[in-house]
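A short reminder: the numbers here are calculations on the coordinates, not readings from a lab. Treat the numbers as computed from the prediction; the structure is a model and nothing was measured. As a convention, Cβ positions derive from the backbone with ideal geometry for all residues, glycine included, and neighbour counts pool all protein chains shown.
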Amino acid sequence: MCFLFPIVFNGQIRLAELVQPSEKAKQSSNALFFVEFWATWCGPCINASKYLSVLQKQYPDNFYVISLSKENPEVVKKFLEKHKTDLAVAIDFEGESFEKYNITSLPHGVLLNANGDVLWKGHPAELKTYHLTNFLNQNTRRIQFKKMFKVERRLESVAEIVYHPKKDFEFLELSHDEVFEIQVIHNDSYVEVKGDLQDIFAYVFKVNKAQIVIDPELNKYYHMYFKKGRTVFENMSQTIFKSFDLILNTAVIKGDAIVMTLDNPRFWETNQINWGSDTSKYLIGDSQIQADNVTLNALKYKLSLLLKIPIVIDPVYKDIQEHDWQIHYKYFDLMQSDLRDNYGIGVDRKVCDYLQYTITRKEL
């Protein structure tokens, strides 16, 4: 009897609220829909959205991009007042699409056809025009926006209050479910850092997480606020040690690492990339990292996160100047040639000495 009834789309995505429709995409029907998963605290999401906006303008008739957050609608609306976008923006219904597509890092996206089939998924910056052209040639069926996405009416929730710290340094303990990975958010007057203590110390010391040794009982998740321009911000490590009654011991150990050698560095100036002051310093795709106004030490830390291995600069090179970067990191030989040819940095992978940081509680 199925042929007596119209086909029902089983992959419909439920929205708690459509914050704004797309200003560029055709509103009647489309063949492809790209769902961008993002959050207001995710710095790289800003640049990813700008990239998707360009794609949306190139394909306005049969391609629809929607940015999906699971945050409070009022928080998203306030964020959009400062970071305007012409993309459609919506709130996920009870986080079910984040769960359905197993979103564990941001930004992330999935490309769907009119049947709800996943055609492509990954970092939004890796979705290219040739992908869209090929998928549009293969997927001609179209569907209306209201049949692909359904706004579920729900009781209005109390608007989330954006907290502004009163002291130079404040922290609160979080549950594991509240943090995907290390999060660093730069605000006008303070910096927020979210993660477990092992991740936070790795960020503070600009080393790989594996170089931080900490007792599991101490390794809880925290949301920390550091006031800019104050001692707590200039010396984050001492601030945390003092506040948590912790002590640090360092030791030199031997292990597998990537070694950077700077015989004759040729760093880029800061005018090579300019995303503006309100955007993230990094745009990380599946194979390439770009950075705007980032020191060598900060870049080394970010690469060590991506490659999951300690990175050592030998000999020690103290460079506090900011530079722009564009580096392939997925395949070692391509990363090696990028760093050597563009920046005069030699790269090798070998067993070598590097520091290990052991964090313990101060004895009473």
Once the mean of 1/r over all distinct C-alpha pairs in the stretch 164-244 is inverted, the Kirkwood radius in Å reads 12.9 Å
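Pairwise over distinct Cα atoms, reciprocal of the mean inverse distance: report the Kirkwood radius of the stretch 18-85 in Å, one decimal place. Show your work: numbers first, answer last.
On the way: mean 1/r = 0.0798 Å⁻¹.
Taking the inverse mean of 1/r over all distinct Cα pairs, the stretch 18-85 comes out at 12.5 Å.
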Scattering profile of the stretch 284-331 from the Debye formula, Cα beads only, expressed as log10 I(q)/I(0) at q = 0.25, 0.28, 0.31 Å⁻¹, is -1.01, -1.16, -1.26
Rounded to the nearest whole number, the Stokes-Einstein translational diffusion coefficient of the stretch 99-238 at 25 °C and 0.890 mPa s (Kirkwood radius, C-alpha pairs) in µm²/s is 128 µm²/s
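Note the per residue figure in Å³ for the convex hull of the C-alpha positions in the chain.
On the way: hull volume 65.4 nm³, N = 364.
Taking the convex hull of the Cα positions in the chain, it is 180 Å³ per residue.
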With no solvent term and unit scatterers on the alpha-carbon positions of the stretch 10-151, Debye gives log₁₀ I(q)/I(0) at q = 0.20, 0.22 Å⁻¹ of -1.28, -1.61
With Cα coordinates, the longest principal axis of the chain makes an angle with the long axis of helix 332-343, in degrees rounded to 10, of 70 degrees
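What fraction of the Cα pairs in the stretch 193-350, stated in percent, has a spacing above 25 angstrom?
Details: 4415 of 12403 pairs.
Percent of Cα pairs beyond 25 Å in the stretch 193-350: 36.
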Given unit charges at Cβ for Lys, Arg (+) and Asp, Glu (-), the dipole magnitude of the stretch 10-151 about its Cα centre in debye, nearest 20, is 380 debye
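Within the chain, what percent of beta bridges assigned by DSSP are antiparallel, to the nearest 5?
So the antiparallel bridges amount to about 75 percent of the total.
Evaluate E = 1/(1 + (r/R0)^6) for Asn271 and Glu217, where r is the Cβ-Cβ distance and R0 equals 35 Å; express this FRET efficiency to the nearest 0.05. Mind dumping the intermediate values first?
On the way: r = 48 Å, r/R0 = 1.38.
So the FRET efficiency works out to roughly 0.15.
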Rounded to whole angstrom, the alpha-carbon centroid of the stretch 89-158 lies from that of the stretch 232-257 at a distance of 42 Å
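Can you pull out the trypsin sites (Lys or Arg not before Pro) in the stretch 163-208 that DSSP calls coil and that have at most 11 other Cβ atoms within 10 Å? Please report the intermediate quantities before stating the final value.
Details: sites: Lys166, Lys167, Lys194, Lys206; in loops: Lys166, Lys167, Lys206.
Those satisfying the criteria are Lys166, Lys167.
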Sorting Phe233, Pro165, His223 by the position of each Cα along the dipole of the stretch 164-244 (Lys, Arg +1; Asp, Glu -1; all at Cβ), the one nearest the positive end of that ordering is Phe233
Ranking Ser53, Ile91, Tyr130 by how far each Cα lies towards the positive end of the charge dipole of the stretch 10-151 (+1 on Lys and Arg Cβ, -1 on Asp and Glu Cβ), the top one is Tyr130
Rounded to the nearest 10, the angle in degrees between the Cα long axis of helix 43-58 and the longest principal axis of the Cα atoms of the chain comes to 30 degrees
Out of Gln144, Ile273, Leu355 - ranked by how far each Cα lies towards the positive end of the dipole of the chain, with unit charges on the beta-carbon of charged residues - the top one is Gln144
Count of lysine pairs, the stretch 215-364, Cα-Cα under 20 Å, sep. 8 or more residues or interchain, comes to 23
